[in-house]
1. Which condition number does Ala22 fail, the rest of (1) in contact (Cβ under 8 Å) with a residue 12 or more places away in the chain; (2) open to solvent by 30 Å² or more (accessible area, probe 1.4 Å); (3) of a type in the set (Gly, Ala, Ser) being met?
2. Could you tell me how many of the residues in region 162-178 are surrounded by fewer than 19 Cβ atoms within 10 Å (Cβ to Cβ) and either among the polar types (S, T, N, Q) or part of a helix (DSSP H, G or I) (or both)?
3. Where residues in region 66-86 are under 30 Å from the mean Cα position of the chain (by Cα) and over 12 Å from Phe98 (Cα atoms), which of them is surrounded by the fewest Cβ atoms within 10 Å (Cβ to Cβ)?
4. Give all pairs with beta carbons closer than 7 Å in which a residue from region 155-172 that is more than 16 Å from Glu24 (Cβ to Cβ) meets a residue that is open to solvent by less than 30 Å² (accessible area, probe 1.4 Å) and modelled with pLDDT under 90; count only pairs at least 6 apart in sequence or on separate chains.
5. Of all residues being among the hydrophobic types (A, V, I, L, M, F, W, C) and open to solvent by 100 Å² or more (accessible area, probe 1.4 Å) in region 42-65, which is farthest from Ser15 (Cα to Cα)? Just the residue, please.
6. When you go through (1) open to solvent by 60 Å² or more (accessible area, probe 1.4 Å); (2) at pLDDT 95 or above one by one for Ala113, which number turns out not to apply?
7. Please go through region 9-42 and pick out each residue that is in contact with a Lys or Arg (Cβ under 9 Å, 6 or more places away or on another chain) and over 15 Å from Asp142 (Cα atoms).
8. Please verify whether Met45 is in contact with a Lys or Arg (Cβ under 7 Å, 6 or more places away or on another chain) and within 30 Å of Glu17 (Cβ to Cβ), treating the condition exactly as stated.
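The values are calculated or read from the model by the stated rules, or taken from the named source; none is laboratory data. None of the values given here were measured: they were computed from a predicted structure. Glycine gets a Cβ as well: all are built from the backbone with ideal geometry, and neighbour counts include every protein chain shown. Calculation scope for accessible area: heavy atoms of the full protein, side chains included, ligands and nucleic acids excluded. Shrake-Rupley method; radii C 1.70, N 1.55, O 1.52, S 1.80 Å.
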Amino acid sequence: MSDRKITGVLALFDSPEALVHAAEKVRDAGYRKWDTHSPFAIHGMDEAMGMKRSKLPWLVAGAAFAGVFGGLVLQGWTSAIEYPLVIAGKRFFSYQAFFPVTFALGVLLSVLASVFGMLGLVNVKFHHPVFSSDRFGKVTDDGFAISILASDPQFDANATAALLKEIGGDVDLLEEEE
């Protein structure tokens, strides 16, 4: 009896084009818990994987507008209502003078929304089963790979490995000790 548990399958490919083609085949086969790995971004990979557009731009834009609106309201309230002072004959609500703080708050809230939004929307894994493969190190230099996790509802070690071999992958089973 083996004390090693299969956690997924890793397949290495020769080129970015082969990886995009393989991603389309894996997507069409119905797998859900899989990912592609390459040393650089590959144009068209999101479409090949069937990924939806991110919600992050909407979060960042909302935060930017909230920062701009909040800056204007804060400065307008303090200078025109709460503590009105006539300075150099200017109106109480002098929006031109509010630009630096308004811009800074818009940028600040955009940055915070992008960082925390990304962390909230992305499933960050500090340990991934591909790290157990010695061959995965090639991906950081000149390798292109697909990994399919054993937690995928459609995963079958033999059938998944056969699919990846059929589309041109050099297959490696991912195992970890129990």
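1. Of everything listed in (1) in contact (Cβ under 8 Å) with a residue 12 or more places away in the chain; (2) open to solvent by 30 Å² or more (accessible area, probe 1.4 Å); (3) of a type in the set (Gly, Ala, Ser), Ala22 misses just condition (2).
2. Qualifying residue count, region 162-178: 3.
3. Top of the filtered list is Ala66.
4. Asp172/Ser133
5. Filtering region 42-65 down to residues among the hydrophobic types (A, V, I, L, M, F, W, C) leaves 42, 45, 48-49, 51, 56, 58-61, 63-65.
Filter once more, so that each one left must be open to solvent by 100 Å² or more (accessible area, probe 1.4 Å): 51, 58, 65.
Numbers: Met51: 21, Trp58: 34, Phe65: 43 Å.
So, considering only residues that are among the hydrophobic types (A, V, I, L, M, F, W, C) and open to solvent by 100 Å² or more (accessible area, probe 1.4 Å), the one farthest from Ser15 (Cα to Cα) is Phe65.
6. Checking Ala113 against (1) open to solvent by 60 Å² or more (accessible area, probe 1.4 Å); (2) at pLDDT 95 or above, the one that fails is (1).
7. If the condition is that a residue be in contact with a Lys or Arg (Cβ under 9 Å, 6 or more places away or on another chain) and over 15 Å from Asp142 (Cα atoms), then Leu10, Trp34 are the ones that fit.
8. Values: in contact with a Lys or Arg (Cβ under 7 Å, 6 or more places away or on another chain): no; within 30 Å of Glu17 (Cβ to Cβ): yes.
Criteria not met by Met45.
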